[in-house]
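The values are calculated or read from the model by the stated rules, or taken from the named source; none is laboratory data. A quick note: this is a predicted structure, and the numbers were derived from the prediction, not measured. Quick reminder, even Gly has a Cβ in these numbers, built from the backbone with ideal geometry, and neighbours come from all protein chains shown.
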Amino acid sequence: MMKKLITKFLAIAAIGFFGASSVAMAADPVPMGSFNFNSSNFASNTLIQIVAPSTNVHGVYLRTCAVTVFGSTAGANTIVISAPSAPTPFQSGNIILFSVLSPPWSFNDLKYPILVPAGNGVWAYTSLNGSVFCNYDVLN
């Protein structure tokens, strides 16, 4: 009897931890966007424009995005920002979509797609050297 209860508990715990079906988790792929932005190595203290605010008339659907900060200098970071005009990084009012901070990490990616409001652009900034790779759609 005890063995049956333990087996049943482990089965329920596994379903809760892994989900009811691994097929269901793999059934929702994120479509690739029509546009991409790739910068494999941009210089320290640099702000680069990924999407211009003037291009974003009806919204931008940021599907995938990954950033890297090179090196292990404490406090080095790369961030992705949304704002109506070229932002000053870390200024109040900027929308930081996601970031990476070293240490402990040197890489981070967008965990889910984001809809950037119409009129906002998307920028990346790195305090050391960094990279950014984004895939997006411009809504019409």
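Quick check: is even one residue across the range 55-67 closer than 27 Å to Pro117 by Cβ and loosely packed, with under 12 Cβ neighbours inside 10 Å?
yes
If we keep just the residues of the range 94-111 that are within 8 Å of the chain's Cα centre (by Cα) and touching a residue at least 40 places away in the same chain (Cβ under 8 Å), which is nearest to Val30 (Cα to Cα)?
It comes out as Leu110.
Quick one: in the range 99-122, which of the residues that are assigned to a loop (DSSP other than H, G, I, E, B) and among the hydroxyl-bearing types (Ser, Thr, Tyr) is surrounded by the most Cβ atoms within 10 Å (Cβ to Cβ)?
Per the stated criteria, the residue is Ser106.
Do the conditions hold for Thr7, that is, is it in a helix (DSSP H, G or I), hydroxyl-bearing (Ser, Thr, Tyr) and modelled with pLDDT under 90?
Numbers: in a helix (DSSP H, G or I): yes; hydroxyl-bearing (Ser, Thr, Tyr): yes; modelled with pLDDT under 90: yes.
Criteria met by Thr7.
Give Ile96, Ile50 a once-over and let me know the one that is in a strand (DSSP E or B) and buried (at least 19 other Cβ atoms within 10 Å of the Cβ).
Numbers: Ile96 fails: buried (at least 19 other Cβ atoms within 10 Å of the Cβ).
When all the criteria are applied, what remains is Ile50.
Conditions: (1) modelled with pLDDT under 85; (2) more than 16 Å from Val132 (Cβ to Cβ); (3) assigned to a loop (DSSP other than H, G, I, E, B). Ile15 meets all but one. Number of the miss?
Unmet for Ile15, out of (1) modelled with pLDDT under 85; (2) more than 16 Å from Val132 (Cβ to Cβ); (3) assigned to a loop (DSSP other than H, G, I, E, B): (3).
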